1. Quick check: is even one residue across the range 101-112 in a helix (DSSP H, G or I) and closer than 18 Å to GLU176 by Cα?
2. Going by the conditions given, is LYS215 farther than 20 Å from ALA111 by Cβ, basic (Lys, Arg) and either in contact with a helix residue (DSSP H, G or I) (Cβ under 9 Å, 6 or more places away or on another chain) or open to solvent by less than 40 Å² (accessible area, probe 1.4 Å) (or both)?
3. Let me spell it out: the conditions are (1) open to solvent by 30 Å² or more (accessible area, probe 1.4 Å); (2) farther than 25 Å from ASP189 by Cβ; (3) outside any helix (DSSP H, G or I), and THR70 meets all of them except one. Which number is the exception?
4. Filter the range 114-140 for residues that are open to solvent by 20 Å² or more (accessible area, probe 1.4 Å) and assigned to a helix (DSSP H, G or I) and give the result.
5. Only residues that are out of contact with any Lys or Arg (no Cβ under 8 Å at 6 or more places or on another chain) and surrounded by fewer than 24 Cβ atoms within 10 Å (Cβ to Cβ): list them for the range 34-58, please.
6. Given the conditions (1) in contact with a Phe, Trp or Tyr (Cβ under 7 Å, 6 or more places away or on another chain); (2) outside the structural domain of GLY57 (by the TED database), report the number of the one that THR214 does not fulfil.
7. Among the residues of the range 187-195, is any in contact with a Lys or Arg (Cβ under 8 Å, 6 or more places away or on another chain), open to solvent by less than 30 Å² (accessible area, probe 1.4 Å) and at pLDDT 95 or above?
8. Look at the range 24-39 and say how many of its residues are within 9 Å of PRO6 (Cα to Cα) and part of a helix (DSSP H, G or I).
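The values are calculated or read from the model by the stated rules, or taken from the named source; none is laboratory data. Because the structure is predicted, anything quoted here is derived from the model rather than measured. Cβ atoms come from the backbone with ideal geometry, glycine included; neighbour counts cover every protein chain shown. Accessible surface areas use protein heavy atoms only, side chains included; no ligands, DNA or RNA. Shrake-Rupley method; radii C 1.70, N 1.55, O 1.52, S 1.80 Å.
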Amino acid sequence: MIDKGPVLLDIADGIARLRLNRPDAANGMSAELLSALCDAIMVCHGHPALRVLLLSGEGTNFCAGGDVRTFASKGEKLPDYIRQATAYLQNAVTGLLRLEAPVITSVQGFAAGGGGFGLVCASDIVIAAESAKFLAGATRVAMAPDAGVSVTLSRLVGLRRAMSILLTNPVISAPEALDLGIVTKVVPDAELADASLAMACELAAGAPKALAATKRLVWAGTGTSIEQCLSEEARTVSELSGMADAREGLAAVIERRKPVFTGR
């Protein structure tokens, strides 16, 4: 077991079990968590016997996205903090995409924002509990998608549906996510852990080089590299985070009210 505080990693029998570990904060993505996540993914890259990575979140939610309370506390320093956090998030997404072993993500509760929804979209296989919910959420707080979502989502669901999801931020149920192609499989809540581990064991028993090559070819064959889009995403998100609308959006989430955006 590798305990990095906000992230837990256990590697055995070719399976890496990587868990987001801020359950009291719905596994909200702080810079600390993202830094630990990057470190854990790099450990997986350096493990010669790794066959599959199983990503999950402790507690009732997989990941509710960025840690809005931390974001809001930064005030005018938010752009600097966002640049740091986004850099870690980019490295995490790139690390998952470039990992030779297939990545399975197990989702309960909410998968929202760049942290939750973004990691889902960057995974190879996604298994969701029946009660799981998915939310893009960025434009709701006057920001733009990150974690590659501006590219990955359209490849999963098509341009028109992706545009609608990213602009209007509907809460997507697990069955709807299955129909859209966002998730691979939906199982009863009580069966999520067993179903996810069973899939991991099935892939771990496969031919690792063949699985790695297949993963690489499928992602590479979808067109423009997602990684090429990450820097522009990061620049855009950082720019937007310095605006009054972003601070208003974060405050509205914390205060549980409808935001009033002014375009500034």
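1. No - not one qualifying residue is present in the range 101-112.
2. For LYS215, the condition - farther than 20 Å from ALA111 by Cβ, basic (Lys, Arg) and either in contact with a helix residue (DSSP H, G or I) (Cβ under 9 Å, 6 or more places away or on another chain) or open to solvent by less than 40 Å² (accessible area, probe 1.4 Å) (or both) - is met.
3. So the condition that THR70 fails would be (3).
4. Within the range 114-140, THR139, ARG140 qualify.
5. SER35, CYS38, MET42, VAL43, CYS44, GLY46, HIS47, PRO48, ALA49, LEU50, ARG51
6. In the conditions (1) in contact with a Phe, Trp or Tyr (Cβ under 7 Å, 6 or more places away or on another chain); (2) outside the structural domain of GLY57 (by the TED database), THR214 misses (1) alone.
7. yes
8. 5
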